[in-house]
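Take a look at the structure below.
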Amino acid sequence: MDFVLSLINEDQKMLRDMVVKLCKGKLKEIDDKAGETNMVNREILRFLADQGLLDLTVPGKYGKGPERMSLVSFCLVREELARTCPNAELIFTMQGLGAGPIVTGGSEEQKQRYLPPVASGKSVITFALTEPSGGTDAAAILSKAERRGDHYVLNGSKTFISMAPDADVYCVFAKTDPAKGSKGITGFIVEKGFPGFVPGSRLDLVAAHPIGSIYFENCLVPATNRLGEEGEGFKIAMQTLDFFRTTVASCAVGFAQAAFDEALKYTKERTAFGQPISKFQLIQAKLADMAVKINAARLLVFQSAFLRDNGKKNITKESSMAKLYATEIAQQVIDQAVQIFGGYGVCKGYLVEKLYREIRALRIYEGTSEIQHLVIANQLLKE
């Protein structure tokens, strides 16, 4: 992190310092009180807004943050929140991901209407692409939207939607022209309460998470809530994911760093055969391997983020590299932390046990590790 800190500007250093302080104080208190939960905690949402962190999830014109959204800043915040305040990390991230399609493809009227409430914490927004029939093959979604006068009639379902069913606004993707495949997908802004919108049920994951399935039964969506033109939805979704895929890697680094910190501390306290286990070379080798992997992953994260913030339009390769490596090594680092803790590592109440459950989903969502290999190879071959 010292190397990264040497590259960021003073405002970003102050931002990170503020988040570190919050994660040691009031925010951690609120996050710990919420515990593992499958519901959106609005107290955390309001706190993040009051501290100005949600201003980072939208362009400054619609909040009080910088005019241009910074991927470096987003990654700095997400890593620190992931280390200490996982509920806050999720809410912060999803406000950004949910607003992403509007930032990318929304009209000025849509941005003025939907983005300020995101930054102020008055509205919970989310991103709804995945369907029960398949997640990886996003172009094969089955949900359909048919234009009827000044409305679209939306039918279908979505699953594994973070923040559902609690979210107030959903950026939904459906096919307006099924014959065109991915070029027939269109994005829509759907509010909870629209006729035909069914919030659905919560999903029970190995690590508690606000997530659920939602349904559209002849749901009426005003034509003014269409994102961009018909057929632009897939492009809007992918551009959004390109930005946030790098931040998934920063979250993985945060989880891994938290596990490493716990393991390092434990090796100095736990004794065996008359000495701290940190004295044993096998334990030292584990710690060294964990530290190297975390540092390498962090450098990949900020390589992608710095390139994007400095004008590189296509960071698909870099974001996929960061996401692939960081999530894979985080799983390995956390597993080794559990091993160092021994039997206590699989006991409820220990952070490494919780992280062991938390990390698994990151190798799946926003593109599985297998898909990231294909994306990286495809980009290399194009170059």
Quick check on segment 122-130. Is at least one of its residues surrounded by 17 or more Cβ atoms within 10 Å (Cβ to Cβ) and over 14 Å from Gly98 (Cβ atoms)?
no
Looking at Lys293, Lys313, which is the one that is of a type in the set (D, E, K, R) and either modelled with pLDDT of 95 or more or touching a Leu at 6+ places or on another chain (Cβ under 6 Å) (or both)?
Lys293
If Ala249 meets every condition in (1) small (Gly, Ala, Ser); (2) closer than 20 Å to Pro132 by Cβ; (3) in a helix (DSSP H, G or I); (4) within 23 Å of the chain's Cα centre (by Cα) apart from one, which number is that one?
(2)
So in segment 146-184, with the set limited to residues that are over 29 Å from Gly121 (Cα atoms) and of a type in the set (Val, Ile, Thr), which one is surrounded by the fewest Cβ atoms within 10 Å (Cβ to Cβ)?
Val153
Restricting segment 185-209 to residues that are within 20 Å of the chain's Cα centre (by Cα) and small (Gly, Ala, Ser), which is surrounded by the most Cβ atoms within 10 Å (Cβ to Cβ)?
Gly187
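Report yes if Pro66 is modelled with pLDDT under 95, farther than 16 Å from Pro210 by Cβ and either crowded, with 19+ Cβ neighbours inside 10 Å or not assigned by TED's automatic domain parsing to the domain that holds Ala249 (or both), otherwise no. Before the answer, list the steps.
Working: modelled with pLDDT under 95: yes; farther than 16 Å from Pro210 by Cβ: yes; either crowded, with 19+ Cβ neighbours inside 10 Å or not assigned by TED's automatic domain parsing to the domain that holds Ala249 (or both): yes.
For Pro66, the condition - modelled with pLDDT under 95, farther than 16 Å from Pro210 by Cβ and either crowded, with 19+ Cβ neighbours inside 10 Å or not assigned by TED's automatic domain parsing to the domain that holds Ala249 (or both) - is met.
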In segment 340-354, residues that are surrounded by 14 or more Cβ atoms within 10 Å (Cβ to Cβ) and either without any contact (Cβ under 8 Å) to a residue 60 or more places away in the chain or touching a helix residue (DSSP H, G or I) at 6+ places or on another chain (Cβ under 7 Å) (or both) total 8
Can you pull out the residues in segment 142-167 that are polar (S, T, N, Q) and within 18 Å of Gly231 (Cβ to Cβ)?
Ser143
From the set of residues in segment 179-201 that are at pLDDT below 95 and in contact with a strand residue (DSSP E or B) (Cβ under 7 Å, 6 or more places away or on another chain), which is nearest to Leu362 (Cα to Cα)?
Ser201
Failed item, numbered, when Glu108 is tested on (1) free of Cβ contacts under 8 Å to residues at least 40 places away in the same chain; (2) over 20 Å from Met163 (Cα atoms); (3) buried (at least 19 other Cβ atoms within 10 Å of the Cβ)
(3)
Any chance segment 212-233 includes a residue that's of a type outside the set (Val, Ile, Thr), part of a loop (DSSP other than H, G, I, E, B), touching a residue at least 40 places away in the same chain (Cβ under 8 Å) and within 22 Å of Lys122 (Cα to Cα)?
no
From the option list Ala291, Ala285, Ala296, Ala249, single residue qualifying as surrounded by 17 or more Cβ atoms within 10 Å (Cβ to Cβ) and either aliphatic (A, V, I, L, M) or outside the structural domain of Tyr344 (by TED's automatic domain parsing) (or both) is Ala249
Test result for Asp335, within 25 Å of the chain's Cα centre (by Cα), of a type in the set (Asp, Glu) and modelled with pLDDT of 95 or more:
yes
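The values are calculated or read from the model by the stated rules, or taken from the named source; none is laboratory data. Since this is a predicted model, take the numbers as computed values, not measurements. Note that we place each Cβ from the backbone using ideal geometry, even for glycine, and neighbour counts take in every protein chain shown.
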